[in-house]
Structures are given as C-alpha cells and as structure tokens.
Amino acid sequence: MKAITVRAPWCIAIAAGAKPVENRTRPTSYRGPVAIHAAASWAIQGGDDPRVRAWWWGDPAWRHRPSLESGDFAYAFRRVIAVTNLNGCHQAEPGCCTTPWADQPTAAVPIVWHLELADTVRIDPVGPLRGQLAVPWRLPVEAAAAVTANYGLATAVASLGQGGLLSKVRAAFEEVDPAPGELVERSRRLVVGGDAGA
C-alpha cells in the first residue's frame, strides 16, 4: 500500500474528510488508494491557519478560540490515521478549485500542485512508522496489512450508520427459527464480509 506523510494538523483535517486537497511543490502520477501518515512534527502555521481553526472550532466561533496545539494530537504522530483515494493531481492556478484548502502560488512558493483526495476513511492509528518525503511511498508489509485490516473494520462500522450492514444483521436475527449457533455464525460472516449472499 502507498502512503503520503502529512504534518499535523493538516493530516487530521484530511482524516476527518474536511480537507480534500493536499498541497505539494511536486506533482505525482500515482492514482489510487493511499494511506495518510502523520509526520513526526507539528506545523505551527497550521495550528494558526484560519481554515484549520474554522474547521476545528466551527464558523464563526473559531475567531474567539485559541490556535490548535500539538499536545491535543499526540496520538497521531508517526502513525497512519486514514486511507483515502488520490484521484488526480493538477498545477494550481486561479479558480482551479472551489475548496478553500487549495493553496495558490506565492512569492515564497511559486509552484503548487494540488493532490485531489476523495472517499477518506479515518482508521485506528497504525504505527509508529518513519515517514518519507516521496509522494507516495510504500508502507512496510506488516504496516500495510494492519492498515488494510483497520480500513476494513472502519468501513464496516461506517456502514452500520448507513443502514447497510445493520439491516443485514437485523434481518439475520429476525429469521424464523434458526438452528442454535447458526445465527451467531451468520452474523459474524456478515460483519467480516464472508457471507456469499451479503
């Protein structure tokens, strides 16, 4: 599995599904699923950024709230915290994106590339892992397996709230006169995705 290392609090906003663009100075040709890995260091400017504060505290309350600080997010450092899809990459230019998270070139950073992210799922953190500058980089095999397992669990739990898995489990429990033990096994197969009729 591929990964991108992003400093907090930017990676926290991505994991929450609030930040659909990652700003970089170089493009990438990779498209597909990618793990979001939280860097070991905190971006002080990120904690002060109005976009981050508005997302975290809510608008317009953020104007009267303090900047975010690293101590509140220590659980994330050097860990994979989400899986997303990298659907595209384009060079920034005025009007190219409607999201406020998409940076534009400045005198200090004359070239900006937007990595387009979608369908982000937050997972239980996996790590600690040393990040890399490459976009993307490959996770170690064991870490990739743990991320894949946590992603599967997170998507199964998310489907409960959407009625998909919950309705299947409820239907299994409402079936007339199941054999002893069969109902538990059928529900287990539904949750782990092993039921052929699911």
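For the range 50-72, the set of residues classified as touching a residue at least 12 places away in the same chain (Cβ under 8 Å) and surrounded by 13 or more Cβ atoms within 10 Å (Cβ to Cβ) consists of ARG51, VAL52, ARG53, TRP55, TRP56, TRP62, SER67, LEU68, SER70, listed by residue number. Residue count for the range 73-86, restricted to those that are loosely packed, with under 14 Cβ neighbours inside 10 Å and either acidic (Asp, Glu) or in contact (Cβ under 8 Å) with a residue 40 or more places away in the chain (or both): 1. All conditions but one from (1) in contact (Cβ under 8 Å) with a residue 60 or more places away in the chain; (2) surrounded by 15 or more Cβ atoms within 10 Å (Cβ to Cβ); (3) in contact with a Ser or Thr (Cβ under 9 Å, 6 or more places away or on another chain) apply to ALA118; the one that does not is (2). Candidates are the residues of the range 31-84 that are in contact with a His (Cβ under 8 Å, 6 or more places away or on another chain) and among the aliphatic types (A, V, I, L, M); the one that is nearest to ALA3 (Cα to Cα) is VAL80. When only residues in the range 127-154 that are under 25 Å from CYS89 (Cβ atoms) and β-branched (Val, Ile, Thr) count, which is surrounded by the fewest Cβ atoms within 10 Å (Cβ to Cβ)? The selected residue is THR148.
Only one residue in ARG31, ARG7 is in contact (Cβ under 8 Å) with a residue 40 or more places away in the chain, within 28 Å of VAL141 (Cβ to Cβ) and surrounded by fewer than 21 Cβ atoms within 10 Å (Cβ to Cβ), so which one is that? Testing whether each residue is in contact (Cβ under 8 Å) with a residue 40 or more places away in the chain, within 28 Å of VAL141 (Cβ to Cβ) and surrounded by fewer than 21 Cβ atoms within 10 Å (Cβ to Cβ) leaves just ARG31.
We did not get these values from a lab; they are worked out from the coordinates using the rules stated. What you are looking at is a predicted structure, and each value in this text was computed from that prediction instead of being measured. Note that we place each Cβ from the backbone using ideal geometry, even for glycine, and neighbour counts take in every protein chain shown.
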